[in-house]
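Worksheet for the structure shown next.
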Amino acid sequence: MSRRKFLGLAGAAGASALIGSSAHSASNKHFEGYPNSFGVLHDITLCVGCRSCEAACNRVNELPQPDVSFSDVSVLEQKRRTSSDAFTVVNKHANLKNSKVPIFNKIQCNHCLEPACASVCFVKAFKKTEQGPVLYDPSVCVGCRYCMVACPFDIPTYEYDKAFTPRVRKCTLCYPRIIEGLLPGCVESCPTGALKFGKRDDLIKIARDRISKKPEKYIEHIYGEHEMGGTSWLYLSGVPFKQLGMREDLGIKPAPEYTAGALSGVPIVVGLWPVLLTGIYAMTKRKEKVADLEKKECVKEAIEKEKADANAKLAKAMEKAETDKKTAIDKAVKKALEEASKAKVEG
């Protein structure tokens, strides 16, 4: 594909995006959520900051070993976020009610019922499963990282250190384990029962029951029940979630109601993306083809030159040999004549 043709197609796509209706993308289809999906209830009042969940997550997901051992809790003194090598982290917070007893909360993907990451992904690399986990397919990802911008919980991370095969990375809620009937690694490893796995609807009932039985221990708020349309991870706390760095300004509308509007403002980008990728691919292939032809031509010229040089050297060598031969014959004849003349004089 020539550059002119590529630009022509790009222009046509842009025009259609402007004249017609907004480009269709994943943002136009809201996830409805699955009422029987699984989730995890994190009772923050029971977390002791042991980091067992971090170690288990690292192990079951076969992530690189961190520089600091999971038995070293000094890292809790600094505020951390998830990374491409750590799908979950535990942070420590001051307890305004009791300064001697800090508060710990676990951070990971909340697996929204209607995920913002999926709603903005126009290649549909993210999918909300019936079981609850939001999964990512790197084979279709184009690396735009809209998901990272859209996530209200600032969770997806990117493998910036991998130049050729970077991926978006985040918690999978241990989907491979769930479909085998196993608990997520973090839940299985929690020694205090701060993490409880089950059907989301059941977890909400359990959370309400705990709040009802111990109102002095918990605030009357199940974080994740309604935030951003609801999440598969639910939280109970004894202090306002805002004190734990958790956003309380998200509202109850599902993310797609926001992201669809945002994406409708950039229909050209969405509409042009396939054309751009196709054009770049075609131009790259054409460049490779031209380079291959040029390489073959250079090789051919080099062979012909080498052959011509060899022929020239051979001709020169044969000419010299002929000259040497003639010289030797002349010399021999001359010598024979001289010897014959000498013999005649002596005789």
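The values are calculated or read from the model by the stated rules, or taken from the named source; none is laboratory data. The model shown is predicted, which means the values in this text are computed figures rather than measured ones. In this analysis, Cβ positions are derived from the backbone assuming ideal geometry, glycine residues included, and neighbour counts consider all displayed protein chains. Quick note on the areas: whole protein, heavy atoms, side chains included, nothing else; ligands and nucleic acids left out. Shrake-Rupley method; radii C 1.70, N 1.55, O 1.52, S 1.80 Å.
Note on the range 72-102: among residues that are more than 21 Å from Cys57 (Cα to Cα) and of a type outside the set (S, T, N, Q), the one that is modelled with the lowest pLDDT is Lys97. In the set Met246, Met228, only one residue is of a type outside the set (Gly, Ala, Ser), within 23 Å of Gly39 (Cα to Cα) and at pLDDT 95 or above; that residue is Met246. Scanning the range 79-121 for residues that are aromatic (Phe, Trp, Tyr) and under 15 Å from the mean Cα position of the chain (by Cα) gives a single hit, Phe87.
Checking each residue in the range 101-147 for being closer than 23 Å to Ile252 by Cβ and hydrophobic (A, V, I, L, M, F, W, C) picks out Ile107, Cys109, Cys112, Leu113, Ala116, Cys117, Ala118, Val120, Cys121, Phe126, Val134, Cys147.
If you go through the range 190-209 and keep only what is in a helix (DSSP H, G or I) and within 18 Å of Cys109 (Cα to Cα), you end up with Arg200, Leu203. Of all residues in the range 166-187, those that are out of contact with any Pro (no Cβ under 8 Å at 6 or more places or on another chain) and farther than 17 Å from Ser232 by Cβ total 3. In the set (1) more than 20 Å from Ser232 (Cβ to Cβ); (2) assigned to a helix (DSSP H, G or I); (3) touching a Leu at 6+ places or on another chain (Cβ under 8 Å), the condition left unmet by Gly49 is number (2). Residues in the range 244-259 that are outside any loop (DSSP other than H, G, I, E, B) and surrounded by 17 or more Cβ atoms within 10 Å (Cβ to Cβ): Leu244, Pro256, Tyr258, Thr259. Across the range 51-61, the qualifying residues are those that are touching a strand residue (DSSP E or B) at 6+ places or on another chain (Cβ under 8 Å) and more than 15 Å from Leu173 (Cβ to Cβ), and the one among them that is surrounded by the fewest Cβ atoms within 10 Å (Cβ to Cβ) is Asn58. Pairing residues of the range 121-134 that are within 11 Å of Gly39 (Cα to Cα) with residues that are among the aliphatic types (A, V, I, L, M) and open to solvent by 10 Å² or more (accessible area, probe 1.4 Å), at Cβ distances under 8 Å and at least 6 apart in sequence or on separate chains, gives Gln131/Ile178; Gln131/Ile179; Gly132/Ile178; Pro133/Ile178.
I'd like the full set of residues that are surrounded by fewer than 24 Cβ atoms within 10 Å (Cβ to Cβ), in contact with a Pro (Cβ under 7 Å, 6 or more places away or on another chain) and of a type in the set (S, T, N, Q), limited to the range 95-137. Scanning the range 95-137 gives a single hit, Asn95. Of all the numbered requirements in (1) open to solvent by 20 Å² or more (accessible area, probe 1.4 Å); (2) over 22 Å from Leu41 (Cβ atoms); (3) outside any loop (DSSP other than H, G, I, E, B), Lys92 misses one, and that requirement is (2). Going through the range 221-246 one residue at a time, which ones are on the phi > 0 side of the Ramachandran plot and of a type in the set (A, V, I, L, M, F, W, C)? Answer for the range 221-246, where residues must be on the phi > 0 side of the Ramachandran plot and of a type in the set (A, V, I, L, M, F, W, C): just Met228.
Only a single item in (1) surrounded by 17 or more Cβ atoms within 10 Å (Cβ to Cβ); (2) at positive phi is not met by Cys141, and it is number (2). For residues that are within 29 Å of the chain's Cα centre (by Cα) and small (Gly, Ala, Ser), scanning just the range 162-212, find the one that is least open to solvent (accessible area, probe 1.4 Å). Residue satisfying both the conditions and the ranking: Gly185.
Conditions: (1) open to solvent by less than 20 Å² (accessible area, probe 1.4 Å); (2) in a strand (DSSP E or B); (3) not aromatic (Phe, Trp, Tyr). Val239 meets all but one. Number of the miss? Only one criterion is unmet by Val239, namely (2).
When the range 213-236 is filtered for residues that are surrounded by fewer than 21 Cβ atoms within 10 Å (Cβ to Cβ), part of a helix (DSSP H, G or I) and in contact (Cβ under 8 Å) with a residue 40 or more places away in the chain, nothing remains. Looking at the range 62-89, which of its residues are surrounded by 18 or more Cβ atoms within 10 Å (Cβ to Cβ) and in a loop (DSSP other than H, G, I, E, B)? If the condition is that a residue be surrounded by 18 or more Cβ atoms within 10 Å (Cβ to Cβ) and in a loop (DSSP other than H, G, I, E, B), then Phe70, Thr82, Ser84, Phe87, Thr88 are the ones that fit.
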